[in-house]
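Taken together, the values in this text are just the output of simple stated rules run on the coordinates, not laboratory data. These figures come from a predicted structure and were not determined experimentally. Cβ coordinates were reconstructed from backbone atoms using ideal geometry, including for glycine residues, and neighbour counts include every protein chain displayed.
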Amino acid sequence: MEGISERAYATLTGLSRGALQKARKTGRLVLFADGSINAAASDARRVAMTDPDQQMRSRGGFGGSGGASSEGSAVSGAGDSTSYLKARTALTVYQAQERQLSIQKKKGVLVDRARAETLVFRLARQERDTWVTWPTRVAALMAAQLSAEMEKASGVPVMIETAILQRVLETHVREQLTALADLRVGLG
C-alpha cells in the first residue's frame, strides 16, 4: 500500500469517515493506483476545494483538531480565513436586516418614502384649497350673525357688508397660509 487508509486519514485529519467518503466522491482526495490516500496531496486539494467555513464546522469551531501537516490544519491562511469569516458575517447580517425590513413592510410598519411625501403634499394642497375658499363660504353667514349680535347689544340696527368681511377674512387666511407654506415636512 503506497498511501494510507480512509480510517487512518480520518484519524489524522480529525474528520469522520463519512466526510472522507464524500470527499472521495467529489474528487477532493488524491488517491494512489491501489486506492490508498496520498495524505499530503489530499490535504492541499481539500484546503483548495473546501469552503473555509465548512472546514471550521467540520473541525468543531476555530480550535481545530487533528495533527495534520501545517497546510492541512490551517483553514486557508490566517488572514484569508478571518477576512472570509468577516465577509460571511457581514453577508449574514445584511440578509437578516433585509428580511426584517421586508417583514416590517409587509406588516405596514414601513412605507415607501416617495409615496408618503406625495400623500403629505396632496393632503397639504387639499387643506390649502379648503382654506382659500372658506371666506367666500362663511362671509355672508358671519356678517349676518355679527349684525344680529351688535343690534341686540346696542339696540340700533347695524348692517355689516358681506364683501368687506369676506376681504378681511381672505387677507388673514392668506397670511396664515403664507406662514404655513414655510413649514417643511422632513421624513428622514
- Message: Please list, ordered by chain and number, the residues whose modelled amide H lies under 5 Å from the amide H of LEU31; skip anything fewer than 5 residues away on the same chain.
- Response: ASN38
- Yeah, region 112-188 with a ≥ b ≥ c from its alpha-carbon gyration tensor (a/c under 1.5 is rounded, else prolate when a/b outruns b/c, oblate otherwise) is prolate
- Item | Residue-by-residue Karplus 3J(HN,Hα) for region 135-147, coefficients 6.51, -1.76, 1.60, Hz, glycine and proline x | x, 5, 6, 10, 4, 5, 5, 5, 4, 5, 5, 5, 4
- Task: In nm, give the distance between the simple-model label positions of LEU180 and ARG17, each being 7 Å from the Cα along the Cα-to-Cβ direction.
- Result: 8.3 nm
- Query: Cα centroid distance between region 12-50 and region 93-124, in Å?
  - Reply: 50 Å
- Query: What are the trypsin sites (Lys or Arg not before Pro) within region 79-188 that DSSP puts in a loop, where the Cβ has at most 14 other Cβ atoms within 10 Å?
  - Reply: ARG184
- In terms of modelled amide H atoms, which long-range or inter-chain residues lie less than 5 Å from the amide H of GLY3? SER36, ILE37
- Message: Show me, for region 156-161, the HN-Hα J-couplings you get by feeding each phi into the Karplus relation (A = 6.51, B = -1.76, C = 1.60, θ = phi - 60°), rounded to Hz, glycine and proline as x.
- Response: 10, x, 10, 10, 9, 6
- Please give the contour-minus-distance gain from VAL109 to VAL158: 0.36 nm per residue of separation, less the Cα-Cα distance, rounded to one decimal in nm. 11.9 nm
- Task: Just flag the GluC sites (Glu not before Pro) in region 119-166 sitting in loop per DSSP whose Cβ has no more than 11 other Cβ atoms within 10 Å.
- Result: GLU161
- Task: Would you calculate the separation in nanometres between label points at SER5 and GLN95, each defined as 7 Å from the Cα along the Cα-to-beta-carbon direction?
- Result: 4.0 nm
- Just grab the label-to-label distance for VAL30 and ASP129, each label 7 Å out from Cα along the Cβ direction, in nm (one decimal). 7.9 nm
